[in-house]
Structures are given as structure tokens and as C-alpha cells.
1. So which of R137, R178 ends up being of a type in the set (K, R), surrounded by fewer than 15 Cβ atoms within 10 Å (Cβ to Cβ) and out of contact with any His (no Cβ under 8 Å at 6 or more places or on another chain)?
2. Would you point out which residue out of E107, E182 is of a type in the set (D, E) and assigned by TED's automatic domain parsing to the domain that holds P19?
3. Could you say whether any residue in region 110-123 is part of a loop (DSSP other than H, G, I, E, B) and under 15 Å from R16 (Cβ atoms)?
4. Which ones in region 107-132 are within 20 Å of M66 (Cβ to Cβ) and buried (at least 16 other Cβ atoms within 10 Å of the Cβ)?
5. Might you check whether a residue that is touching a residue at least 24 places away in the same chain (Cβ under 8 Å) and among the aromatic types (F, W, Y) occurs anywhere in region 166-183?
6. Which of (1) modelled with pLDDT of 75 or more; (2) of a type outside the set (F, W, Y); (3) closer than 30 Å to M1 by Cβ is the odd one out, the single condition L187 does not satisfy?
7. Name the pairs whose Cβ atoms lie under 8 Å apart, with the first residue in region 135-162 and of a type in the set (F, W, Y), the second part of a strand (DSSP E or B), and 6 or more positions between them or separate chains?
8. Based on this model, can you work out whether F263 counts as aromatic (F, W, Y) and modelled with pLDDT of 80 or more?
Amino acid sequence: MVANYRTGLGRTDVMRVNPYNAVIGLGHAGGKVTMWKPTSLKPLVTMLCHSGPVTAIAFDRGGHLMATAGVDRKVKLWDQRPYAARAQSLDFSQKGLLACSNGSQVEIFRDTGGQDYKIYMKHRMVKGYQIGNVLFRPYEDILGIGHSMGLSSILVPGSGEPNFDTFVDNPIETSKQRREKEVQSLLNKLQPETIMLNPNMIATVRPSRKKEKKTKKEIEEEMEDAVEAAKNIEFKKKTKGRSKASKRAKKREEEVLKAKRPFLDQQNENDGRPDKKQRVTEEIELPKALQRFAKSRQGWSTRFSIFVFAAISFSSLVCIVSCSWQIYAVLNF
């Protein structure tokens, strides 16, 4: 057993495997249809298809068309189709024909283009035999009908696939091929991780993703390794006093700082604190009413010169006022 999960949706009477992607479809008593894969704890898709219990599910060979039937006497194929009697069984043929049984009658629908299904054939059982199940025979134009009095079959032209692939199915296989097929099927078993709604994702190139940022712990570990490697560097011995212990220690310290630098920059970038040299202030044009609240971008030298000019202007104004007052006082006396 690969997996065992509880649906949480009550009784399940209907189960069908989608031949396109191996996803399992379940019909529940509450009228919902869920789709599962072996590695998911929750259903991939949950659809409210009927107002009562679901009685049958069928998947098209292409995998993009699903037909459901319920106790509410409706068959839904991307739309609702009422019937005089509730549909008991549904099945898709290899060429896309849909067989629907209700009561003692079988109706076969064909896609006329744009998923517009119309009635292709009708067949009514003699003496009102009640039909229980209908299934198409692969690679042949035959529809099997199980009813209250046994088994019958009818011809449905154009329902079977005329060309078969022996690697998938071989209708004319020998007994030796049949024995070998059992071994091959065990070797080629589908892995649970490969079952998904879109099987075309397998063997495709994964789109490039942005490089994930390293955690602080990983950066610290890499920095420690780089520091240890920098400390163990052996310097070339030089003559004429250039290999003194003090110079070698200073050079080793420079190598350690050089090794630490990229990791510290990366850590600051992850913390949202870029280097001062890398900070770029964007020019934002503010409305006139808000420009006076914006920070001035003038340097300290410019600000100091403006302050000195204002002080000199103020002192000159004071001198002019005082002189004018003295002249006025002398003239009055």
C-alpha cells in the first residue's frame, strides 16, 4: 500500500482513474467529486457536481473532459443534461465517444467540434431489461452492456482506436509476450511522486529561479572556514628584513580582513543594511507645498558659508541702524 487517507466527505461509492495522468477521481454521497494523487494529504481538486450522491464518473482519453452522473437525474459534461431516468453508467471510448445508460436505454454521444456533444446512436434493450453498466472494448468498435438478464454487445462504428502501440497495449500478443509483459509492468511501475494533474511537467526544463539568500548561520560558517584558510596561508620568505614577525602578522591580519569582507557585505545585504558606499539616493520631485520639508542636500562647507554670510549681513545691518540713530540724535540736538 502506497498511502491511506480519509476523504472527510462521507461515503464513497464511485472511483475512476484518469488514463491521462493517473489521478484518481472519487464520487461522494454529498455530490462532490474529488481528485487525488498518492502523495497528497488533501484532494487536488474538489468539485460540487450534483445536489445528491454521485453514481458514476468517466474520464476522456485526452484527460481534459470528465462526465459525472448523480441521483439528481442529471449527467454533467461541462454542462447539465437532464434525463427522464437517472444515468447509471458512463464510459468514454478511445476515440472520444461517450456512452450513457439510463433505465433500459443506451445513448452514445459524439463531439461535433468545440466539445459540443450530440447524440450519435441510441439503443433500447428488448423487454425493458434494466442496464447496469456499459464499457467500450479497446481497439474494437464494440460496446459491452451489462443488464438485468446478462451481457449484450452492440457495434459502435468509430469508437475503437484503429492503430495500437505494442509498447502500451498489444491486442494480438502471444502467451510468451503476456508472461514477459507482467515482468515489464513490475519494472516500469509508475512512481507515486510522478503522478500529478499535468504529466507534461515531467522531463521538462525547470525555469530558472532567483538565487536563494543564504541564512545567517550558513554565512557565519563559510566566513569561519575562509578565516581559517587565510590564517594558514604560508608567505614566501623575503630577505633584507621584509620577513619580520611583525610584518608577517600584519600581512596575515590583512588577509583575514580581506577574507571576511565579502561575507560581511552579504550579511549586511540580507539584514537590509547596505554599505554606505553603495547607498544611492533617488531624486524624487516633490510638490511645491512639500519641498520646504525635504532634507537639504547641501554639504557642511556650503552650509557654513551661508551661515557666515548671514551673520555678516546681520552685523552690517546693525551697524547701519546704530549709525543712523546717532545721526538722527545729533541733528535733533
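The values are calculated or read from the model by the stated rules, or taken from the named source; none is laboratory data. Fair warning: this is a prediction, and the values are worked out from it, not measured in the lab. Cβ placement follows ideal geometry from the backbone for every residue including glycine, while neighbour counts extend to all protein chains displayed.
1. R178
2. E107
3. Looking for residues that are part of a loop (DSSP other than H, G, I, E, B) and under 15 Å from R16 (Cβ atoms), one finds none in region 110-123, hence no.
4. Within region 107-132, E107, I108, F109, R110, D111, Y117, Y120 qualify.
5. There is no residue in region 166-183 that is touching a residue at least 24 places away in the same chain (Cβ under 8 Å) and among the aromatic types (F, W, Y).
6. (1)
7. Going by the 8 Å Cβ cut-off, the qualifying pairs are F136/D91; F136/F92; F136/A99; F136/I142; F136/L143; F136/G144.
8. The answer is no for F263.
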